[in-house]
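Every number in this text was worked out from the coordinates using simple rules, so none of it is lab data. The shown structure was predicted, so the numbers you read here are calculated from the model rather than taken from an experiment. Methodologically, a virtual Cβ is constructed for each residue, glycine included, from the backbone with ideal geometry; neighbour enumeration extends over all protein chains shown.
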Amino acid sequence: MFYKSTRGKVKGIKFKEAVMMGLAEDGGLLIPEEIPYFSSSDLIRLSALNYKELAFEIISKFTDDIDGDTLKGIIEKSYSTFESDEIIPVVKKGDIYIAEIFHGPTYAFKDIALQFLGNLFEYILNESGEYLNIIGATSGDTGSAAIYGVRGKKNINIFILHPKGKVSPVQELQMTTVSDKNVFNLAVDGTFDDCQSIVKEIFADVDFKKRHSLGAVNSINWARILAQIVYYFYCYFRAAKGDEVNVVVPTGNFGNIFAGYFAKKMGLPINKLVLATNENNILTRFINEGDYSIKDVRQTYSPSMDIQIASNFERYLYYLYGKPETVVQKMDELKQYKRIKFTEEEIKKVQAEFASYSTTNEETLEIIRDFYEKYDYILDPHTACGVNAVYKLNLKGVNICLSTAHPAKFYDAIYKAIGKYPEEPENIRKIKNLPKRVFEIDNNTEKVKEFIKSKLI
Ligand SMILES: *Cc1c(COP(=O)(O)O)cnc(C)c1O
């Protein structure tokens, strides 16, 4: 299997190379040159597998430069850190299937991809004898999941910048109580945007980047999408009994939902993929009205979806247009006018596969309250946007809603909704009294560079 760029200038890349490359050198995102297809008899065979076996069957179609036993080992290691033997329990509440994809070490679904990516990095670096210094900015979930993905790994350092005092208390604890020597938490005296622009400026210094072998873990890495394709198959097999199936996905970056779109292209008979957004509704406006225009970011109870620039959207554009030249042209249009225009015909094509609903902050709390009263089950605020979309759209068939985080991560919103706190899982309780390892730093790119230089491998 080879990989190519959505912008057409890069192709013939092997999987391991694609993992280390992240962004393609022409500025595009990497996608496989072919799409593996599972027939209905294949699907029957796959439906009997457990999560790790299924992960191997799906992932191995994309990774022919890694031998089978090695890949099995990587998958085994990546998902043995999950607290549930099932990896992803699927529970039924009323008519809705809730797929709890949050049972990894940091209680958000990003663990599914980042545990896998961390082990892949370790294997590839060990083989090549190279090293990697990962740098990233976080507003919460990505940073902690990335840290847990690479903590204690040889040949890898990770530097994560977060805005000091501006991430949720649980997220802050999860990051700063990791004591491994290769993990560096930088608490920046500034906002999340400041952290992001520091990281951007560091990556823009090509000389610094090459000299110190800098890498990223953001959601554009193909290996992250790949790991996420697996659970679409897994929960489909657990919920579908010959009915039409819709999968509802709380969405920000178009990363998670893109994995679902790819699963569908690989033969999984999903009817509608539903994008559930919060008040940052650019993707809902796109699906329902063809209006893809960037507005200001609003703060909501579901902060991991407070996004206006959906970094994985470009991958979808490639399949919508089928031509790299059009992708380049549309990405230029976005840069210049802060919007992309779509024809009616294009929107029809989009609506044949997707539906969408945007949930307000008020509705988020109402749904958490209603659901708790009806089913004695606490939804996290991101998942609440998903469940609300199920009710509001009322699509025919079985609805599976992906539950992207444990409610204990966002306990303030839960308290507002139901007047009590969700039960804390043991792995959150355990870290509360651990010593912290965090480095405070000025909002200044040169200072951050100095710090990184002083800690390099
Ligand atoms: C990251 C995140 C999302 C959004 O996922 P995308 O892949 O960016 O669409 C939703 N919910 C939670 C809890 C998250 O951490």
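Odds and ends about this structure:
- Over the Cα atoms of the range 249-297, the radius of gyration divided by the Kirkwood radius equals 1.01; this is the Rg/Rh ratio.
- Within the range 63-174: Cβ-based charge dipole about Cα centre, in debye rounded to nearest 20 (Lys, Arg +1; Asp, Glu -1): 600
- Across Lys153/Lys449; Lys4/Lys264; Lys11/Lys210; Lys92/Lys432, pairs whose alpha-carbon gap is larger than 27 Å: Lys92/Lys432
- Extension gain from Tyr321 to Lys455, taking 0.36 nm per residue of separation minus the Cα-Cα distance: 43.8 nm
- Counting Cα-Cα pairs of the range 86-138 in 10 Å increments starting at 0 gives whole-percent bin shares of 20, 35, 25, 14, 5, 0.
- Efficiency of FRET from Cβ geometry, Lys11 and Gln336, R₀ 30 Å, rounded to 0.05: 0.65
- Local electrostatic count, Gln299, Cβ distance below 12 Å [Lys/Arg +1, Asp/Glu -1]: -1
- Of the GluC sites (Glu not before Pro) found in the range 1-69, the ones in coil according to DSSP and having at most 15 other Cβ atoms within 10 Å of their Cβ are Glu25, Glu33, Glu34.
- Only one residue of Pro169, Phe354, Cys235 has its Cα farthest out toward the positive end of the dipole of the chain, where Lys and Arg carry +1 and Asp and Glu -1 on Cβ, and that residue is Pro169.
- Among complete DSSP H helices in the chain, those whose alpha-carbon atoms stretch at least 24 Å along the helix's long axis and whose mean Kyte-Doolittle hydropathy reaches -0.5 are 110-128, 222-239.
- Residue-span extension gain [Ser40 to Ser311] - 0.36 nm each, minus C-alpha spacing: 94.3 nm
- Extension gain for the segment Ser197 to Asp65, taken as residue separation times 0.36 nm less the Cα-Cα distance, is 44.0 nm to one decimal.
- Pair Glu344, Glu76: separation of 7 Å Cα→Cβ label points (nm): 5.8
- When +1 charges are put on Lys and Arg Cβ atoms and -1 charges on Asp and Glu Cβ atoms, the dipole computed for the range 195-336 relative to its Cα centre reaches about 460 debye.
- Placing +1 on each Lys and Arg Cβ and -1 on each Asp and Glu Cβ, with no other charges, gives the chain a dipole about its Cα centre of roughly 360 debye.
- Sparse packing (at most 13 other Cβ atoms within 10 Å of the Cβ) combined with a DSSP loop state is found for the following trypsin sites (Lys or Arg not before Pro) in the range 390-441: Lys396, Lys420.
- Global geometry of the range 328-457, whether rounded, prolate or oblate, following the gyration tensor of its Cα atoms and the 1.5 cut on a/c: oblate
- Averaging Cα coordinates gives a centre for the range 239-275 and one for the range 108-153; these two points are 26 Å apart.
- Selection among Thr383, Ile75, Val448 by position relative to the dipole of the chain gives Val448 as farthest towards the positive end (Cβ unit charges, Cα centre).
- From the C-alpha gyration tensor of the range 42-141, square roots of 5λ in Å: 26, 20, 10
- What separates the Cα centres of the range 75-91 and the range 415-438 is a distance of 21 Å.
- Value of Rg to Rh for the chain (Rh from inverse mean 1/r over Cα pairs, i.e. Kirkwood): 0.93
- Paramagnetic reach from Tyr131 in the range 427-457 [backbone N under 19 Å; point 7 Å along Cα→Cβ]: 449-457
- Among Ile147, Met305, Ala113 - extreme Cα towards positive end, dipole of the chain, charges at beta-carbon: Ile147
- For the range 312-403, the Rg and Dmax computed from alpha carbons only, in angstrom: 17.6, 52
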